[in-house]
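**Student:** Mind looking over this structure? Questions follow.
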Amino acid sequence: MKILHTSDWHLGTVLHGRRRYDEYEQFLDWLAGCIRDTQIDVLLISGDIFDNTAPSNRAQELYYHFLNQVAEIQGLQVIITGGNHDSPSLLDAPKPLLRQLRIHVIGAVTPEISEEVILLRSANESECLIVCAVPYLRDRDIRTVEPGESIEDKMVKIQEGISEHYRQVWAVAQSLRGDSAIPIIAMGHLFLSGCPVHGDERVRELYIGNLRGIDPGGILCGFDYLALGHLHEHRKIEGNPWCRYSGAPIPLGFGEAGQEKKVIVIDFPKKGERSIREIPVPCFRKLQKIQGDISSTEQTLRELCEGGERVWVEVVVESEFTAASLQARLHDLVRNSPVEILKIENAALTNAVLRAMVEGEHLADLDETDVFSRCLDEHRITGEDRDHLLTLFQEILVAVREEDRYDE
Ligand SMILES: [Mn+2]
């Protein structure tokens, strides 16, 4: 059986006000072709299909158009699990219909844990695969709250709850396998400790409070492969090539500019054999971050314009300028070229008045935690109190983001 692993599509994502449907269209067409050409038997999508819990109709159209396209591929089976950005009820709503197309959806933890364990047979029934389709595990799925518990107690319980969930699906899968040699794969949408995070602009969302990730030892069990989602950069777990983050297929922010995006193909050609390879995803629109003084910035922009490639640019200028003249000067330079400047940051200005709201700074440049931090500054809250309040704030933020608004 040949498996393709991808995750973190974030359909509907917006970058500095720009929608990205054309890139997604190209990616999904490419992916459908890749599945066909590589003769994939099973497609795994490990969470964060959509960027938010109420995706636009256009984002949903892209999703269903793709599913319809791949449903026509002879023998292909698909498993989709929910991520922290997804609405579980939105993903699960068309479950029975998609089931008819050999597409399994696990939007949230199922009432019976055995429903997360799926036995797949190849088209000619000669091969089998067991997939433990574990979705993103929400706090309420894995932990009971007791009055008076400390944040530390809570973190220990989350860690234990997640490990216990994987032990349970592993046990179900093993009994399903019996004496046969059927490979067992698990999916997951979580942050493993020991994974250095760099270049990821959404890093704050990876943590629940100050939980610095799940210990991989607790969830690896005996899985032949662990198909993870949540980190946007392709990542292998140290010392274990069979446990990976596929990473997002398109760079979702300028922090991911320059990363090579991939999908992963795992093959179990015959009993006891397995192989793995990475397939690079073509770049449908380049993102580039330019940082430097005004003359080097202008030089780089000129070169980009001459290059003729479609590119979105974020500029950080380290020379002294008033916001308005800088904007005009740089936008003039790229006029009528395939280069578009999405954001200009005036580093000198920002540094000079770092913590105050100033002219040229927009609320859109800050995230919720930045605003809350400034509020704490205003009130001169420091030390342990500050850490504690920031942790509580993060918890509320995660709860608000995960709220499944249309689940009735
Ligand atoms: Mn995620």
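The values are calculated or read from the model by the stated rules, or taken from the named source; none is laboratory data. Treat the numbers as computed from the prediction; the structure is a model and nothing was measured. Here Cβ is always computed from backbone atoms with ideal geometry, including for glycine, and neighbour counts include all displayed protein chains.
**Student:** State whether the residues of the stretch 332-346 include one that is in a helix (DSSP H, G or I) and at pLDDT below 85.
**Tutor:** no
**Student:** Show me the strands (runs of 3 or more DSSP E) entirely contained within the stretch 245-311 in which 2 or more residues are more than 28 Å from Glu127 (Cα to Cα) and outside the structural domain of Thr13 (by TED's automatic domain parsing). Outline the logic, then answer.
**Tutor:** Values: elements: 262-267, 275-280, 286-292.
Hits in the stretch 245-311: 286-292.
**Student:** Still on this structure, please answer the following. For residues that are buried (at least 18 other Cβ atoms within 10 Å of the Cβ) and in a loop (DSSP other than H, G, I, E, B), scanning just the stretch 135-160, find the one that is nearest to the ligand (Cβ to nearest atom).
**Tutor:** Per the stated criteria, the residue is Tyr136.
**Student:** Here's something else I'd like to know. Restricting the search to the stretch 109-123, which residues are loosely packed, with under 15 Cβ neighbours inside 10 Å, touching a residue at least 12 places away in the same chain (Cβ under 8 Å) and part of a loop (DSSP other than H, G, I, E, B)?
**Tutor:** Result: Ala123, single match.
**Student:** So, of the residues in the stretch 52-61 that are under 26 Å from Gln77 (Cβ atoms) and not hydrophobic (A, V, I, L, M, F, W, C), which turns out to be nearest to the ligand (Cβ to nearest atom)? I'd like the intermediate steps shown before the answer.
**Tutor:** Taking the stretch 52-61 as the starting set, the residues that turn out to be under 26 Å from Gln77 (Cβ atoms) are 55, 59-61.
From the residues that got through so far, the ones that are not hydrophobic (A, V, I, L, M, F, W, C) too are 55, 60-61.
Numbers: Pro55: 14, Gln60: 19, Glu61: 22 Å.
Looking at the filtered set, the residue picked out is Pro55.
**Student:** Provide a single number: the residues in the stretch 87-103 that are over 25 Å from Asp41 (Cα atoms) and either more than 16 Å from the ligand (Cβ to nearest atom) or part of a helix (DSSP H, G or I) (or both).
**Tutor:** Number satisfying all stated conditions: 3.
**Student:** If you don't mind, another one. Scan the stretch 62-86 and report the pairs whose first residue is more than 16 Å from the ligand (Cβ to nearest atom) and whose second residue is in a helix (DSSP H, G or I) and of a type in the set (Ser, Thr, Tyr), with Cβ atoms within less than 6 Å and a gap of 6+ or a chain change.
**Tutor:** Close Cβ pairs (under 6 Å, with a partner that is in a helix (DSSP H, G or I) and of a type in the set (Ser, Thr, Tyr)) amount to Leu62/Tyr24.
**Student:** Hey, another quick one. Can you name the residue in the stretch 1-46 that is of a type in the set (Val, Ile, Thr) and either surrounded by fewer than 18 Cβ atoms within 10 Å (Cβ to Cβ) or part of a loop (DSSP other than H, G, I, E, B) (or both) and is also farthest from the ligand (Cβ to nearest atom) among such residues?
**Tutor:** Per the criteria, the residue is Thr38.
Conditions tested, residue by residue: (1) among the aromatic types (Phe, Trp, Tyr); (2) within 21 Å of Asp29 (Cα to Cα).
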| position | (1), (2) |
| --- | --- |
| Tyr225 | yes, no |
| Gly255 | no, no |
| Val263 | no, yes |
| Lys270 | no, no |
| Leu287 | no, yes |
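**Student:** Can you say whether Arg386 is at pLDDT 85 or above, surrounded by fewer than 16 Cβ atoms within 10 Å (Cβ to Cβ), more than 27 Å from Ile250 (Cβ to Cβ) and in contact with a helix residue (DSSP H, G or I) (Cβ under 7 Å, 6 or more places away or on another chain), as far as the supplied structure shows?
**Tutor:** Here the answer is yes, as Arg386 does meet what is asked.
**Student:** Still on this structure, I have one more. Restrict the check to the stretch 313-323 and report whether at least one residue is in contact (Cβ under 8 Å) with a residue 40 or more places away in the chain and in a strand (DSSP E or B).
**Tutor:** Scanning the stretch 313-323, I find at least one residue that is in contact (Cβ under 8 Å) with a residue 40 or more places away in the chain and in a strand (DSSP E or B), so the answer is yes.
**Student:** Any chance you could count how many residues in the stretch 328-344 are surrounded by 15 or more Cβ atoms within 10 Å (Cβ to Cβ) and either more than 22 Å from Lys286 (Cβ to Cβ) or among the aromatic types (Phe, Trp, Tyr) (or both)?
**Tutor:** 1
**Student:** So, in the stretch 191-225, of the ones that are within 16 Å of the ligand (Cβ to nearest atom) and farther than 26 Å from Ser373 by Cβ, which residue ends up modelled with the highest pLDDT?
**Tutor:** Here the residue is Leu192.
**Student:** Kindly indicate which of Ile49, Ile106 is within 16 Å of the ligand (Cβ to nearest atom), more than 19 Å from Lys262 (Cβ to Cβ), crowded, with 21+ Cβ neighbours inside 10 Å and not basic (Lys, Arg).
**Tutor:** It is Ile106.
**Student:** Test Gly253 against the stated conditions and say whether it is of a type in the set (Gly, Ala, Ser) and either crowded, with 18+ Cβ neighbours inside 10 Å or in contact (Cβ under 8 Å) with a residue 12 or more places away in the chain (or both).
**Tutor:** Taking the combined requirement at face value, the residue satisfies it.
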